[in-house]
Structure formats: C-alpha cells, structure tokens
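The values are calculated or read from the model by the stated rules, or taken from the named source; none is laboratory data. Keep in mind that what you see is a predicted model, and the values were worked out from it rather than measured. Neighbour counts run over all protein chains shown; Cβ positions are idealised from the backbone, glycine included. Surface areas here come from the heavy atoms of the whole protein model, side chains and all, with no ligands, DNA or RNA. Shrake-Rupley method; radii C 1.70, N 1.55, O 1.52, S 1.80 Å.
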Amino acid sequence: MIALIDCNNFYVSCERSFNPSLENVPVIVLSNNDGCVISRSEEAKALGIPMGEPAYKLKNIIEKKNIQVFSSNYTLYGDMSRRIMSILKGFSPNTEVYSVDESFLPIENIDDSCLIEYGSHIRSTVLKWTGVPVSVGIAPTKTLAKLASKVAKKNKETEGVFFLDTQDKIITALHQTPVGDVWGIGRRYAAMLNSYGVNTALDFSRKDSKWVKSRMGITGLSVWEELNGNPCIKDSTISEKKKSIVTSRTFGEYIYDFVPLSEAIANFAVKCAYKLRKQKGCACEIMVFIYTNPFRSDLPQYYNSAIMEMPVATNSSIEIVKYALELLKKIYQPGYAFKKAGVMVSRIVSQGEVQGSLFDNVDRSKHNKLMLAIDQYNDSKGREKLRLLSQGFSRAWYLKNEHLSGCYSTNLKDSIIVK
C-alpha cells in the first residue's frame, strides 16, 4: 500500500501555525506582487472566493468580511515543508517528496486492518509537531492514493484519513471523480475523453487498454493501470538534472533606469549560478530578457532578449554576472517602464566535463574556492549575506508584498516572544 500525505490549505496553515488568532477566520494568501489568491482557508472558500481571483477584485469583500490577507512568504513555507517532510521520513526513509505540500509514503509490514490507525498517527504527529493539518489517503497505487486523499480532505466523517481498501470504495471514489480531476489527465485529454462520453474516472477505468493507449500513449495507459489497481508510476524523486535554469521576476514597481535594472539582472544571474553549483553543473550559454507590461496599452511597449555563448562553461557568479550585464547593455532602451526581466543559463554540462580554452585567462581554481566559501557562508548565515557589488542594495525591483508575515522559523529577528 501507499499513502499520500497532503497538507490542507498549506500556505494558510503555515500562517496559522504561528498566529493562532487566524483560526476559524477567513484567510487568503496572495501570489507574487500580491496579485492573485493562491491559498484559501475553508472559511474563505465558504465566502465564495475562487482560487486565482485577482486581489483588487476582492477589495470590497475583504473589508466587509474582515478577511485576513497575507503576501506569499516562501521562506516560511519552504522551511515548514522541509520540517514536515523530515517528520514523514521518520515514518519511512523511502518517503517520496512530490511537491512542497505532498508526499508519497510507502507502507510496508503493516496489516491492512491497522492502516487507518497508522494514518491517524501520521496525521496527529505532523499536526502536533508543526501545527499543519494534513489529509492521508491510502490505496494500492499512487493515483488511487491521490483520490483517497481528496476524499479524506472533503469528507469530515473520515477525520482526515481515508483508505480505499475495498473494490466498492474504489468504484464509488472513481464514480464521484470527474475524469479531468484525475492525476495525470490534463485539460486537453479531459476534453478529448469527454467528447467520447468518458466523464468520470470510473468511465475511464472501464475503457479498453488498447483504446486508451492509441489515444493517450504510454502516459495515459499508466494512469489507466493505476486506476485499475496496478502500480506502474515509478518514484519521481530521482529526477534528471536541469538542462536549463531560468530566474526571472515581475517587479513590484516599474523600473525606468538602467542601474536598478542592472541590479535585478545581477541578482538573477547570481541565483542561476548558485543553482548550477548545487547540481554540479556549468552552463555554456546565457540569455537575458526584459519587457514592459503588455497589459498597459497606454504605455510604450518594448521587449527584447540577447543570448551569447560563454568562452568556457562556468558556474561562477562573477563570470555569469559579467556576461549577463554585457547582454543587458545591448538590449536596454531608455524611456520604457520595465515590468519584468530574467536570466536563463542553458546547455548545462557536468562541471567535470567542461571543455577548456587555450585563450582562457580566468583562474578557475580561485573562482571555485571563492564560490564555495560564499555558498557555505550564505547557507549558514542567511541568503545573500555575502554578495557581489553589482547586485546592489536597492529594493526597487523586489516583489510587492505589503502583507508579508515574519520568517518565524528561519530568522531570529522574527522569533515569537512569549510574555
């Protein structure tokens, strides 16, 4: 058997963990730049607030219903996620982290009659140690475990744990699930299946395997097998290294001048370099792009990008920033209100397979030692404590986050004081 542990309204739950006054009141968390709703408490859902709704459209109901609003605090959410996943790995070292708020936990050597109790123990442990409520779905396959977790989350009678232990339960769950809600079936496949009268997961599971494979390939067939109780989706924790890395951001304010734009590009380039070093890779190419707000037709529009091949593949922040700023100088045009920019590094090779150059005059050993020292210091003392001068200290290009909560679990300055 396998269990899917899914955190309930994760971002909201993280905020509530450190602020008990938020319990039983409507709470929403907004996306970058305080744009759209990306997490809602049950109370907010009951008020009819849809996922993805722009915040400016909710101004009246927020004031009328006293809805508590928070900017996305990814530092807090990331740390809480790591804590929860660490707890789950205590139950099984083979726990597979699927996303920031979901994990698959293989269950071995436990009798089926004890699995509800086991799931409740997992749930109560996570809640007690982190304050985050989770739903536990248990089933013979990952796809069925996904369905079980949805039942556990929606049906209060399950008390947060649901086990698809009989064929009758599986059939009922499949019948109640629209085919488009099945894990692995996207909008395009859902529309195609609906055109053939396949509207529920049960309808899909009863189609002929050859019919499924001819229209959806191996991926669709895997989903079909899983719904029929045959495990065939492998562990996804062993992922391939990225072939390209992009760091970009929509600015909280418009940027008109070169200096703050160059600081943003330098910071994006540093983040790309850091990610390269983490996967022990070096990039051969770099691209920089900038553009204005396409939704503001009243403003002059401009979009441009530039790409270059670096003389020697590298993961040095110093080199990558240097080339990124060279590209920015080529494409920057004054007189525009820039809203977004980014850096992409590509053609990534292993750092042990870098092709040198006869004309290379960079002391790469020195660069590697410096980058290692910077990473070790920043990892222990805090992000960007050590930085390149070109990164600057301006916040003009930072995200808009007027409702940001504290980084309670990672910053001593934000630690809760008990009086």
Need pairs with beta-carbon distance below 7 Å; first residue in contact (Cβ under 8 Å) with a residue 40 or more places away in the chain and within the range 178-200, second part of a helix (DSSP H, G or I) and open to solvent by 60 Å² or more (accessible area, probe 1.4 Å); sequence gap 6+ or separate chains.
GLY184/THR219
Is there a residue in the range 252-275 that is out of contact with any Lys or Arg (no Cβ under 8 Å at 6 or more places or on another chain), basic (Lys, Arg), without any contact (Cβ under 8 Å) to a residue 12 or more places away in the chain and open to solvent by 30 Å² or more (accessible area, probe 1.4 Å)?
no
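Where in the range 85-191 are there helices (runs of 4 or more DSSP H), lying wholly inside it, with at least 1 residues that are closer than 21 Å to ASP203 by Cα? I'd like the intermediate steps shown before the answer.
Values: elements: 115-130, 142-154, 167-175.
In the range 85-191, the matching helices (runs of 4 or more DSSP H) lie at 142-154, 167-175.
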Of all residues being under 25 Å from ASP101 (Cβ atoms) and of a type in the set (Val, Ile, Thr) in the range 153-169, which is surrounded by the most Cβ atoms within 10 Å (Cβ to Cβ)? Just the residue, please.
VAL161
Flag if VAL212 is over 28 Å from ASN368 (Cβ atoms), surrounded by fewer than 18 Cβ atoms within 10 Å (Cβ to Cβ), among the aliphatic types (A, V, I, L, M) and over 23 Å from the mean Cα position of the chain (by Cα):
no
If you take the residues in the range 20-43 that are under 25 Å from GLU159 (Cβ atoms) and assigned to a loop (DSSP other than H, G, I, E, B), which one is nearest to the chain's Cα centre (by Cα)?
SER41
Tally up the residues in the range 42-73 that are closer than 30 Å to ARG383 by Cα and surrounded by 14 or more Cβ atoms within 10 Å (Cβ to Cβ), please.
7
Of ALA191, ALA201, which residue is farther than 18 Å from MET1 by Cα, within 27 Å of the chain's Cα centre (by Cα) and open to solvent by 30 Å² or more (accessible area, probe 1.4 Å)?
ALA191
Conditions first: (1) surrounded by 14 or more Cβ atoms within 10 Å (Cβ to Cβ); (2) of a type outside the set (Phe, Trp, Tyr); (3) not in a helix (DSSP H, G or I). ASN361 passes all but one, so which condition is the exception?
(1)
Taking into account only those residues within the range 103-123 that are out of contact with any Phe, Trp or Tyr (no Cβ under 9 Å at 6 or more places or on another chain) and not hydroxyl-bearing (Ser, Thr, Tyr), which is surrounded by the most Cβ atoms within 10 Å (Cβ to Cβ)?
ARG123
Which residues, taken from the range 297-350, are part of a strand (DSSP E or B), touching a residue at least 40 places away in the same chain (Cβ under 8 Å), open to solvent by 40 Å² or more (accessible area, probe 1.4 Å) and out of contact with any Phe, Trp or Tyr (no Cβ under 7 Å at 6 or more places or on another chain)?
PRO311, MET344, ARG347, VAL349, SER350
